[in-house]
Amino acid sequence: MATMTSLIGLINKIQRACTVLGDHGGEGLSLWEALPSVAVVGGQSSGKSSVLESVVGRDFLPRGSGIVTRRPLVLQLHKTEDGQEYAEFLHIPRKRFTDFVAVRKEIADETDRITGKTKQISNIPIQLSIYSPNVVNLTLIDLPGLTKVAVEGQHESIVEDIENMVRAYVEKPNCIILAISPANQDIATSDAIKLAREVDPAGERTFGVVTKLDLMDKGTNAVDVLEGRSYRLQHPWVGIVNRSQADINKNVDMIVARKKEREYFETSPEYGHLAHKMGSEYLAKLLSQHLELVIRQKIPSIIALINKTIDELNAELDRIGRPIAVDSGAQLYTILEMCRAFDKVFKEHLDGGRPGGDKIYGVFDHQLPAALKKLPFDRHLALKNVQRVVTEADGYQPHLIAPEQGYRRLIDGSISYFKGPAEASVDAVHFVLKELVRKSIVATEELKRFPTLSNDIATAANESLERFRDESRKTVLRLVDMESSYLTVEFFRKIHLEPEKNPNAPNAPNRGGTTIDNYTDNHLRKIGSNVNAYIGMVCETLKNSIPKAVVYCQVREAKRSLLNRFYVQVGRKEKEKLGTMLDEDPALMEKRAQLAKRLELYKQARDDIDSVAWK
């Protein structure tokens, strides 16, 4: 069996570690809440401070009128075997206080740091550990005294605020309640007993303490209370005799005060038969023994909670990513893994696993055909413009049979209009690809911890897209230029072989009303119609070839080699620059560090409990 010292001392250690990491609150049952402790509850001026000082054997708590305890004081007592006696505050690590007057001052100063020099309260605890040969291993939580009215300088809600704070501690199923009631007050009106009855109606977690027994009116005593007849609890009542104000003023040593307390009970005609289970020393041992028993009973549930929390912490660390190794090989591997993760998401967007790639099809199926329909061929092939172009093409000699140069110039001018929609298709797809890069960066969970690397990958990807766009623009413009550089002769040969259907054609007989001007207009309309038919054929060709070129130069290359240049650049970087790229978000680094510390705490707590609990 584990010794009481080792088991309670271990719980003290774990509770202290929980406080360091702020792991004693939030949703669900935290490890702090699962570990049993003793909450000291009482009304103002009930003698709480005197009880605590008697248990510790030192005068170290602030005193005064009104609300003196304005923040919870988590007091961990550690019994030492080497005779040393000192105190340590959690907020001042590695500083030992051997002067307990200085401890009192630090409690008051630390309270004021949070609440200011006011009479307000705060639920942020002060953590104090005392190491002494005169104590038993025990954790006590001193809470603000319950009150019934607000005094000047306090909010009207102070009464409710204090009760809510105290209740938040004592309603936890693993909290042992030390209910302090003064002997000169009717136990039925005790604030501490009233609250304890509400949260622990069976009295299973409550220890009753009666203070100020020596101040009762002559002829009265608290025997009925101490023997459990006035109010029954599962555990025995304990009587305490506080130091008198004269003793406090004279700074009577607490060890001497304990001796006087023992003598009081041993010589008291009313309480002599109870002397063996009265006094602060007995109370401390009783609480320590019970605490050790409760701890032992709670070990299975504590271990279950620890294992559950370890699993949750591991899952959270896996989600946000484990720490990065410091060697350059591991850093390079991590960067490449992040790139592959991004590339996978990007390809899913393109191939349909994620939304966005369908917008590229929309460019080819809607935007490009709509842009081609809006081209101003009707204006370019209007009668007057055809006449002007044909006339200018002939120069000083008119054409003899067909205006070939006029045809070519009209076709060239018409085909040049296709450059606009071609380039617009390139730019539209480029915009879609850039947006997919942005979405992929955001959607890649692994990259969220590395803002610098995210920016570097996004920059490299966009630079590649710019190169792909430039190549795609050159290609689609070449497609347009190719249509101008070599015309499909068969198209015009077929036109030449077709019979002239126009009665006003050049070889048709003149039937009265036909003039030279009419002949010229019809001839020019025929030219415009032929050119328009040819341009329609070219339009259908480009409507199919432009998407092929864009996909080949932009989409295909984005899938194949979006980060190829980035890989080469990363491979040439030195260790320091690789480390810079893996510079994480400070908030995420802090979160991981806290998770890692909590994980280590829980693992160590589990190992420690296993090592001592069943010996």
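The values are calculated or read from the model by the stated rules, or taken from the named source; none is laboratory data. The structure displayed is predicted, hence computed values, not measured ones. When we count neighbours, we look across all protein chains shown, and the Cβ atoms used for this are built from the backbone with ideal geometry, even at glycine. Just so you know, the surface numbers come from the protein's heavy atoms only, side chains and all, with ligands and any DNA or RNA stripped out. Shrake-Rupley method; radii C 1.70, N 1.55, O 1.52, S 1.80 Å.
So if R0 is 25 Å, what FRET efficiency would MET482 and ALA424 give, r being the distance between their Cβ atoms, rounded to the nearest 0.05?
Working: r = 19 Å, r/R0 = 0.76.
E between MET482 and ALA424, to the nearest 0.05, is 0.85.
Note on ARG379 and ARG340: the model spin-label points, each 7 Å out from Cα along the C-beta direction, lie 5.6 nm apart.
In straight-distance terms, cross-link reach from LYS526 covers every one of the lysines whose alpha-carbon lies under 22 Å from its own, apart from those fewer than eight places away in the same chain; here that gives LYS373, LYS384, LYS494, LYS501. Overall size of the stretch 36-191 from C-alpha positions, given as principal axis extents largest first: 47, 33, 30 Å. The chymotrypsin sites (Phe, Trp or Tyr not before Pro) of the stretch 521-615 meeting both criteria, a DSSP state outside H, G, I, E and B (loop) and at most 13 other C-beta atoms within 10 angstrom of the site's C-beta, are TRP614. Amide H contacts of GLY357: GLY352, each under 5 Å away and 5 or more positions distant or on a separate chain (H built 1.01 Å from N in the peptide plane; Pro and chain starts excluded). Count Lys and Arg as plus one, Asp and Glu as minus one, and take only other residues whose Cβ is under 14 Å from that of ILE303; the net charge is then +1.
Using Stokes-Einstein with the Kirkwood hydrodynamic radius over Cα pairs, what translational diffusion coefficient do you get for the stretch 568-615 at 37 °C and a viscosity of 0.692 mPa s, in µm²/s rounded to a whole number? It would help to have the intermediate numbers written out before the result.
Details: Rh = 13.9 Å.
In µm²/s, the coefficient is 236.
Mind listing which chymotrypsin sites (Phe, Trp or Tyr not before Pro) in the stretch 427-487 are in a DSSP loop and have 14 or fewer other Cβ atoms within 10 Å?
Working: sites: PHE431, PHE468, TYR486; in loops: TYR486.
Here the sparse-neighbourhood loop sites are TYR486.
Restrict the search to the stretch 215-264; then list the trypsin sites (Lys or Arg not before Pro) that DSSP places in a loop and that have at most 13 other Cβ atoms within 10 Å of their Cβ.
Values: sites: LYS218, ARG229, ARG232, ARG243, LYS250, ARG258, LYS259, LYS260, ARG262; in loops: LYS218, ARG229, ARG232, ARG243, LYS250.
For trypsin sites (Lys or Arg not before Pro) across the stretch 215-264 that sit outside H, G, I, E and B with at most 13 neighbouring Cβ atoms in 10 Å, the list reads LYS218, ARG229, ARG232, LYS250.
Two numbers describe the Cα atoms of the stretch 306-356: Rg and Dmax, which are 15.7, 45 Å. How big, in percent, is the set of alpha carbon pairs in the chain lying more than 41 Å apart? That fraction is 55 percent. Using a simple spin-label model with pseudo-atoms 7 Å out from Cα toward Cβ, LEU293 and LYS218 lie 4.1 nm apart.
For the stretch 223-305, the tally of Lys pairs with Cα-Cα distances below 21 Å comes to 8, considering only residues 8 or more apart or on different chains. For the chain, the carbon plus sulfur part of the accessible surface works out to 52%, probe radius 1.4 Å.
Against the empirical 2.2 N^0.38 Å (N residues), the stretch 125-199 has a Cα radius of gyration ratio of 1.29.
How many percent of the alpha carbon pairs in the stretch 341-382 exceed a separation of 12 Å? The answer is 67 percent, as a whole percent. Globularity index of the stretch 308-460 is 1.89 (Cα radius of gyration / 2.2 N^0.38 Å, N = number of residues).
For the pair ALA593 and ASP82, label points projected 7 Å from Cα toward Cβ lie 3.1 nm apart. Close amide-amide hydrogen proximity is noted between ILE141 and VAL38, ALA39, VAL40, LEU75, each under 5 Å apart and 5 or more residues distant or on a separate chain (H modeled in the peptide plane; Pro and chain starts excluded).
Note on the stretch 191-303: semi-axes of the ellipsoid equivalent to its C-alpha gyration tensor, largest first and rounded to whole Å, are 28, 18, 13. Packing, as the average of other Cβ atoms within 10 Å across residues, places the peptides 302-309, 372-379, 350-357 in the order 302-309, 350-357, 372-379, highest first. 3J(HN,Hα) along the stretch 527-544, derived from phi through the Karplus expression 6.51 cos²θ - 1.76 cosθ + 1.60 where θ = phi - 60°, amounts to 4, x, 5, 5, 4, 4, 5, 5, 5, x, 5, 4, 4, 5, 5, 5, 4, 8 Hz, with x in place of Gly and Pro.
What is the calculated FRET efficiency for VAL159 to THR580, with r their C-beta to C-beta distance and R₀ = 45 Å, to the nearest 0.05?
Values: r = 57 Å, r/R0 = 1.26.
Once rounded, the FRET efficiency stands at 0.20.
Hydrodynamic analysis of the stretch 416-473 uses the Kirkwood radius over alpha carbon pairs. Inserted into Stokes-Einstein at 37 °C and 0.692 mPa s, it gives a translational diffusion coefficient of 262 µm²/s. Estimated at 0.36 nm per residue, the fully extended path between ALA330 and ARG388 surpasses their Cα-Cα distance by 13.7 nm. The phi torsions of the stretch 249-255, fed into the Karplus equation with coefficients 6.51, -1.76 and 1.60 and a -60° offset, translate into couplings of 4, 8, 6, 4, 4, 5, 5 Hz, rounded to whole numbers, with Gly and Pro shown as x. Summary of the geometry: the stretch 267-316 and the stretch 402-458, compared by the centres of their Cα atoms, lie 72 Å apart.
For the stretch 257-335, go through all pairs of different Cα atoms, get the mean of 1/r, take its inverse, and jot down that Kirkwood value in Å. Provide the component values of the computation, followed by the final result.
Numbers: mean 1/r = 0.0555 Å⁻¹.
Computed over the stretch 257-335, the radius equals 18.0 Å.
Each residue of the stretch 478-483 is assigned a 3J(HN,Hα), and the resulting list reads 4, 4, 5, 5, 5, 5 Hz, derived from the Karplus form 6.51 cos²θ - 1.76 cosθ + 1.60 (θ = phi - 60°), x at Gly and Pro.
Taking every C-alpha pair closer than 8 Å and separated by at least 6 residues, the mean separation divided by the residue count of the chain gives a relative contact order of 15 percent.
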